[in-house]
Amino acid sequence: QVQLVESGGGLVQPGGSLRLSCAASGRIFSLNAMGWYRQAPGKQRELVGSISSGGSTNYADSVKGRFTISRDNAKNTVSLQMNSLKPEDTAVYLCNAYVITYDGPRPRVYWGQGTQVTVSD
């Protein structure tokens, strides 16, 4: 029904930048909150940040001041600009979205497949 596809991951040196994007498609009536999570090997998945349909954002303390979430409601996309990257930012990054589809009024959460970000020399 709904697909989320991330792009933009890769290998970057400490102090560098990457921009991740996530595009939602399918039977979307409306997109509510969207967010980015990450999961490092052997660790639990953690919230990186989220953005409401109106543009309000919140971030994990570990990324405040370095990462910025934005969205384009016309294109059903959410982006994550990551600056001043550190080795501890290495993880698989996943986007999610609360979606109301044409099949019913209750919002459901959908997840992308994830994109690898590696910060290393």
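The values are calculated or read from the model by the stated rules, or taken from the named source; none is laboratory data. As the structure is a computational prediction, the values presented were derived from the model and not from experiment. Just the protein is used for accessible areas: all its heavy atoms, side chains included, with ligands, DNA and RNA removed. Shrake-Rupley method; radii C 1.70, N 1.55, O 1.52, S 1.80 Å.
Whenever you get a sec, compute what percent of the accessible area on the stretch 1-93 sits on carbon and sulfur atoms (1.4 Å probe).
Exposed carbon and sulfur together represent 48 percent of the surface.
Can you give the accessible area per residue of the chain, in Å², using a 1.4 Å probe?
53 Å²
For the chain, what percent of Cα pairs sit more than 19 Å apart? Numbers along the way, then the final one.
Details: 3120 of 7260 pairs.
Result: 43 percent of Cα pairs exceed 19 Å.
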